[in-house]
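Q: Pasting in a structure now, in structure tokens, and then I'll have a few things to ask.
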Amino acid sequence: MQAAARDARTAIVLFSGGQDSTACLAWALEHYARVETVGFDYGQRHRIELKCRSRVRAEMAASFPHWAERLGDDHLLNLALLGQISDTALTDQRAIELQANGLPNTFVPGRNLLFLTFSAALAYRRGASVLVGGMCETDYSGYPDCRDNTIKATQLALSLGLAMPMTIETPLMWLDKAQTWALAEALGGAVLTEIVINHTHTCYLGMRGKRHAWGHGCGSCPACRLRADGYTAWRRSVEP
């Protein structure tokens, strides 16, 4: 993408250190003149992802100098209260299973709504007017706060509440995991996909031991299975 075609606004990427948010960070760096990142510590059991964030940023900056010059500050917000009021498999040591309402017990009520609200407040102070998130309605486990209508409603509420336009971009909204792998390759080639494989974290159980073809993780939790299946489908689509 030519520099002249990039949006002059500053974007803040909701950056967990996982596969999806890494693809979103690369996407934002291709589309916006300046990009900052924000992460959240809410007592998640897979908080190892927080340690991956700085490594992923550093690897991307070192590998892509044209992105490094536009990559701004990183912010880590303490949302411990969310973990205190949540009773989920992402904030407590329990088996992952479906609940009576049909949602997996990995659903943290209000998580994305809070993430977007705090990110918008940060954006207001940082002179940014775009938020970029990895919410997806294709591979999303049924989480209601990942749905496109939820994001559009949140964008309207934030813009009204801040008395300024606040755009929420969701480049993965209609992509499955195979397409997310393909997007990373399209944005940064084999170098970026290797960064995703080696340094990002997805596993709900927080395991970083074994390195699979698709990355580190337990290999059996829903997040690992989704990532692994997407990787396999993507590789089949590009191999002769």
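Q: Of these, Leu131, Leu116, which one is within 29 Å of Trp181 (Cβ to Cβ), touching a helix residue (DSSP H, G or I) at 6+ places or on another chain (Cβ under 8 Å), part of a strand (DSSP E or B) and modelled with pLDDT of 95 or more?
A: Numbers: Leu116 fails: part of a strand (DSSP E or B).
After ruling out the rest, the residue left standing is Leu131.
Q: List the residue pairs whose Cβ atoms are under 9 Å apart, where the first residue sits in region 63-80 and is closer than 13 Å to Arg126 by Cβ, the second is surrounded by fewer than 16 Cβ atoms within 10 Å (Cβ to Cβ) and of a type outside the set (A, V, I, L, M), and the two are 6 or more positions apart or on different chains.
A: From residues that are closer than 13 Å to Arg126 by Cβ, the pairs are Asp74/Ser54; Leu77/Asp41.
Q: State all residues of region 49-71 that are part of a helix (DSSP H, G or I) and buried (at least 19 other Cβ atoms within 10 Å of the Cβ); if no residue qualifies, say none.
A: Glu49, Cys52, Arg53, Val56, Arg57, Glu59, Met60, Trp67, listed by residue number.
Q: Quick check, is Ala223 modelled with pLDDT of 95 or more and among the small types (Gly, Ala, Ser)?
A: Working: modelled with pLDDT of 95 or more: no; among the small types (Gly, Ala, Ser): yes.
Here the answer is no, as Ala223 does not meet what is asked.
Q: Additional query: If Leu50 satisfies all but one of (1) farther than 21 Å from Arg227 by Cα; (2) at pLDDT below 95, what's the number of the condition it fails?
A: Of everything listed in (1) farther than 21 Å from Arg227 by Cα; (2) at pLDDT below 95, Leu50 misses just condition (1).
Q: Right, another one. Can you list residue pairs whose Cβ atoms sit under 9 Å apart, with the first residue in region 1-26 being assigned to a strand (DSSP E or B) and surrounded by 23 or more Cβ atoms within 10 Å (Cβ to Cβ) and the second being modelled with pLDDT of 95 or more and of a type in the set (D, E, K, R)? Count only pairs 6 or more apart in sequence or on different chains.
A: Pairs that qualify, where the first residue is assigned to a strand (DSSP E or B) and surrounded by 23 or more Cβ atoms within 10 Å (Cβ to Cβ) and the partner is modelled with pLDDT of 95 or more and of a type in the set (D, E, K, R), are Ala11/Arg34; Ala11/Glu36; Ala11/Glu169; Ile12/Glu36; Ile12/Arg126; Val13/Glu36.
The values are calculated or read from the model by the stated rules, or taken from the named source; none is laboratory data. Here the structure is a predicted model, which is why all the values come from computation and not from measurement. All Cβ positions, glycine included, derive from the backbone under ideal geometry; neighbour counts span all protein chains shown.
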